[in-house]
1. Answer yes or no: is there a residue in region 109-118 that is outside any loop (DSSP other than H, G, I, E, B) and at pLDDT 85 or above.
2. For Pro36, work out the one condition from (1) outside the structural domain of Phe108 (by TED's automatic domain parsing); (2) closer than 29 Å to Phe108 by Cβ; (3) not hydrophobic (A, V, I, L, M, F, W, C) it doesn't fulfil.
3. Only helices (runs of 4 or more DSSP H) wholly contained in region 1-61 count here; list those with 1 or more residues that are touching a residue at least 40 places away in the same chain (Cβ under 8 Å) and of a type in the set (Ser, Thr, Tyr).
4. Please tell me if Ala75 is over 17 Å from the mean Cα position of the chain (by Cα), surrounded by fewer than 13 Cβ atoms within 10 Å (Cβ to Cβ) and modelled with pLDDT under 95.
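The values are calculated or read from the model by the stated rules, or taken from the named source; none is laboratory data. Since the model is a prediction, treat every value here as computed from it, not as a measurement. Quick reminder, even Gly has a Cβ in these numbers, built from the backbone with ideal geometry, and neighbours come from all protein chains shown.
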Amino acid sequence: MPESEIASITRVPKPYLAKIIHHLSCQGIVSTKRGPGGGLCLIRPAQEISILEIVKAIEGEQWFSNCMLGMDCCAASQYCPFADFWSEIHKKMETKLQETKLADVIRFRRRASPAEQVI
């Protein structure tokens, strides 16, 4: 699918989309071909690509802050009232993102009515 068509469907500005596609390409999630007949395609089937892979490809390995308060480092010797909660939330999010495949998102989008479509 051409980048211009993806930008139109997703309502993502072309320059930002190009950066996203670059990150996905570098991580081996998509391949691109420029010129006439070019476009973008998945390297693996959508049911094999987790949303976590996509998030990490775009945002990097540190996609989720280790600290709810945004501090650079936590003092392990001091009690933080959010540490256990944030750790649990992080694990749940990571598990859900790993379990959810790109194919799940595609199926959801196709079922959604035009008013409900977010992308």
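1. Checked against the condition, which is being outside any loop (DSSP other than H, G, I, E, B) and at pLDDT 85 or above, region 109-118 yields no hits at all.
2. (2)
3. Filter on region 1-61 gives 3-10.
4. Numbers: over 17 Å from the mean Cα position of the chain (by Cα): yes; surrounded by fewer than 13 Cβ atoms within 10 Å (Cβ to Cβ): yes; modelled with pLDDT under 95: yes.
So Ala75 fits the description; yes.
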